[in-house]
1. Of all residues being modelled with pLDDT under 90 and among the hydrophobic types (A, V, I, L, M, F, W, C) in segment 13-27, which is nearest to TYR57 (Cα to Cα)? Just the residue, please.
2. Counting only residues that are among the hydrophobic types (A, V, I, L, M, F, W, C) and in contact with a Pro (Cβ under 6 Å, 6 or more places away or on another chain), how many does segment 209-235 have?
3. Can you find a residue that is in contact (Cβ under 8 Å) with a residue 24 or more places away in the chain and more than 25 Å from ALA188 (Cβ to Cβ) anywhere in segment 30-49?
4. Need a quick list: strands (runs of 3 or more DSSP E) entirely within segment 177-236 having at least 2 residues that are in contact (Cβ under 8 Å) with a residue 12 or more places away in the chain and aromatic (Phe, Trp, Tyr).
5. Could you look through segment 188-240, keep only residues that are of a type in the set (S, T, N, Q) and under 15 Å from the mean Cα position of the chain (by Cα), and pick out the one that is most open to solvent (accessible area, probe 1.4 Å)?
6. Filter segment 78-116 for residues that are assigned to a strand (DSSP E or B) and not hydrophobic (A, V, I, L, M, F, W, C); which is modelled with the lowest pLDDT?
7. Pairs only if they're at least six apart or on different chains, beta carbon under 7 angstrom, first in segment 117-135 and in a loop (DSSP other than H, G, I, E, B), second not small (Gly, Ala, Ser); list them, first residue then second.
8. Just one of GLU23, GLU75, GLU36 is surrounded by fewer than 19 Cβ atoms within 10 Å (Cβ to Cβ) and part of a loop (DSSP other than H, G, I, E, B); which is it?
Amino acid sequence: MIRDRWREIRAAIEQDIMDGVLEPGAKLPTEPALAERYGAGRHTIRRAMAELAKDGYLSVEQGRGTFVQQRPMLEYTIGPRTRLRRNMNALGVSAAGELQGIDRVEASGRVAGQLGLAPGAPVFATRRLSLADGVPVSSGVIYHDALRFPDLPERRRAMDSLTAVYETYGITDYLRGSTRMHARNARAAEARALRQHPDMPVIVVVAVDTYPDGTPLSFSKVIWSAARVKFRITTEEEGP
């Protein structure tokens, strides 16, 4: 049926990806070129591409075009000691981050409650984009007590690893105190930051890390690309 033409086109492009005709990282032709190739309208092509993007086969990068996803979905482990670089290294993936800003703000009621502070207490809000082999996988903000870490901005700008920053304060270990997550549609700004299709969902992960004695250390809200990352929850330590 004509109304299901997009399914045929989606299947054809997916098969080209699976067969290696379209290699990881390859840029797809423009919508008009694909419409001519498949003898279909641009709306039909757009629907097929959107479904492939939502399923993680394609990566739509604002201002650059549409590319074949460069890797299978990453499995990110959340456990007693959740560390971004440890997760990525275990997968053979190069982890990197782009610091997008650090602001000293007054803690909202929610942030204060999670950090055990009084509402309005000064906190640092650090915004950061995380990448795996150069592809954005998450974007979020993490809050710290500004009185406990008065020069955090300077140390964070000088170091790419938060764990390394903690060590400069004498914090040699910290634990994941709590993790809550839910899926929803990506907001426009989130889709742009993650360079993904606007219809691709995201997973919102809200977490508290603590000192070994349970005292709150940080509170974070991170937006993950649902087509690039899946989560595994464990109560066991994952090793060094």
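The values are calculated or read from the model by the stated rules, or taken from the named source; none is laboratory data. Keep in mind that what you see is a predicted model, and the values were worked out from it rather than measured. Glycine also receives a Cβ, built like all others from the backbone with ideal geometry; neighbour counts cover every protein chain displayed. The protein model used for the area step is the full one, side chains on, heavy atoms only, and it has no ligands, DNA or RNA in it. Shrake-Rupley method; radii C 1.70, N 1.55, O 1.52, S 1.80 Å.
1. Per the stated criteria, the residue is ILE17.
2. 1
3. Yes, the conditions are met somewhere in segment 30-49.
4. So the answer is 216-225.
5. Residue satisfying both the conditions and the ranking: SER220.
6. GLY97
7. LEU117/ASP145; GLY120/GLU106; ASP133/GLN70; ASP133/ARG71; ASP133/VAL93
8. Only one candidate qualifies: GLU23.
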